[in-house]
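Structure first, commentary second.
Bear in mind that the values in this text are calculations on the coordinates, not laboratory data. What you see is a predicted model, and the numbers here were worked out from it, not measured in a lab. Reconstructed Cβ throughout: ideal geometry from the backbone, glycine too, with neighbour counts over all protein chains shown.
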Amino acid sequence: MKFLKSLALVLALSVISISPVLAHSSGHGPQQVSKGQVIAKATTDLSDMIDNGKKVDGQVLDASWNKATEKDIYKKNVRYFVVSIKHPEIGKNIFIFLNRNGKLAGVNFSGEFDDIQ
């Protein structure tokens, strides 16, 4: 568990350094952000939700979600990313909605968000 918390801290610090990348750069429009950076941010947000006992669709996430290795960008455009993370044991996906600045904007099990068109 110490390892996971250390990993989460490292990921969180890397997210702080990529947040400006997700935002605008010196007035020349948004810069590209890598798939790995987006997935790392979503993974950190998921870990934080688990550690803080947050509910998703009325369900408290248990620590087994931290074992997920199957992660991908489910949807994206210039305004947002939706990352899917598949539970390794039950095969259920959780979807994490990040705005283009990397801020957590929503989480659910359906992958459908009202703010997405």
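Being out of contact with any Gly (no Cβ under 7 Å at 6 or more places or on another chain) and polar (S, T, N, Q) is a property that S110 has. The residues listed here are D51, D45; of these, the one that is out of contact with any Phe, Trp or Tyr (no Cβ under 8 Å at 6 or more places or on another chain), under 20 Å from E112 (Cβ atoms) and touching a residue at least 40 places away in the same chain (Cβ under 8 Å) is D45.
Within the range 74-117, restricting attention to residues that are surrounded by 14 or more Cβ atoms within 10 Å (Cβ to Cβ) and small (G, A, S), which residue is nearest to S34 (Cα to Cα)? Restricting to residues being surrounded by 14 or more Cβ atoms within 10 Å (Cβ to Cβ) and small (G, A, S), the top hit is G102. The residue that is nearest to F97 (Cα to Cα), counting only those in the range 33-73 that are surrounded by 11 or more Cβ atoms within 10 Å (Cβ to Cβ) and basic (K, R), is K41.
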